[in-house]
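Data first, discussion second: the structure below is written as structure tokens.
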Amino acid sequence: MSTPTNKINLQVITPEKVAFQGEADGVSIPTKSGEITVLANHIPIISTMKHGELVIRNGQEEIFMAVCNGFIEVKKNCVIIMTDIAERISEIDEEKAQEAKEKAKKMLSEKDRLSDVVFADTTAMLEKSLARIKVARRKRR
């Protein structure tokens, strides 16, 4: 697909769905090394993502998504983001995310009694709920 040099062709993909596919002016991504913003003509990179807020910019429009872990690839104005979750503000129930956060924190406080698998799953649940809460709070602004 040919993209004008001032745009990127962006795909945000989860195991369940394609959360976004189209052109954008840029995207800000939470990576393990810190947040990066990818604009047109960015250098090629492959990186790992962490939980947090993904921001897609197109003109005056901004789309906010909660994301959790994954990988990004940038080459020739194409950005592919593969992530465990990608939820827009409208898809997030802040109250449920808060409940999941509290449940995970409680379980982690008893980590000595958790198996390694349950500990890892609970940590992932906490990370997902924190990402969801961060994005959901934008509704109030």
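The values are calculated or read from the model by the stated rules, or taken from the named source; none is laboratory data. Just so you know, these numbers come straight off a predicted model, no measurement behind them. Here the Cβ positions follow ideal geometry from the backbone for every residue, glycine too, while neighbour counts run over all protein chains shown.
Surrounded by 15 or more Cβ atoms within 10 Å (Cβ to Cβ), in contact with a Leu (Cβ under 7 Å, 6 or more places away or on another chain), in contact (Cβ under 8 Å) with a residue 24 or more places away in the chain and assigned by TED's automatic domain parsing to the domain that holds Thr14: does that describe Val74? Here the answer is no, as Val74 does not meet what is asked. Checking the conditions here, which among Ala124, Ala120, Ala131 is aliphatic (A, V, I, L, M), surrounded by fewer than 12 Cβ atoms within 10 Å (Cβ to Cβ) and either in contact with a Cys (Cβ under 8 Å, 6 or more places away or on another chain) or without any contact (Cβ under 8 Å) to a residue 12 or more places away in the chain (or both)? None of the others qualify; the one that does is Ala120. Here is the figure for segment 77-89: residues that are surrounded by fewer than 19 Cβ atoms within 10 Å (Cβ to Cβ) and under 18 Å from Asn9 (Cβ atoms) total 3. If you go through segment 15-33 and keep only what is more than 13 Å from Ile72 (Cα to Cα), under 16 Å from the mean Cα position of the chain (by Cα) and not aliphatic (A, V, I, L, M), you end up with Pro15, Glu16, Lys17, Phe20, Gln21, Gly26.
The C-beta contact set for segment 33-60 (first residue modelled with pLDDT of 95 or more, second residue part of a strand (DSSP E or B) and of a type in the set (D, E, K, R), distance under 6 angstrom, 6+ apart or interchain) comprises Pro44/Lys75; Ile46/Glu73; Val55/Glu62.
Could you tell me which of the residues Thr37, Thr83 is among the hydroxyl-bearing types (Ser, Thr, Tyr), closer than 19 Å to Ser129 by Cβ and in contact with a strand residue (DSSP E or B) (Cβ under 8 Å, 6 or more places away or on another chain)? Of Thr37, Thr83, the one residue that is among the hydroxyl-bearing types (Ser, Thr, Tyr), closer than 19 Å to Ser129 by Cβ and in contact with a strand residue (DSSP E or B) (Cβ under 8 Å, 6 or more places away or on another chain) is Thr83.
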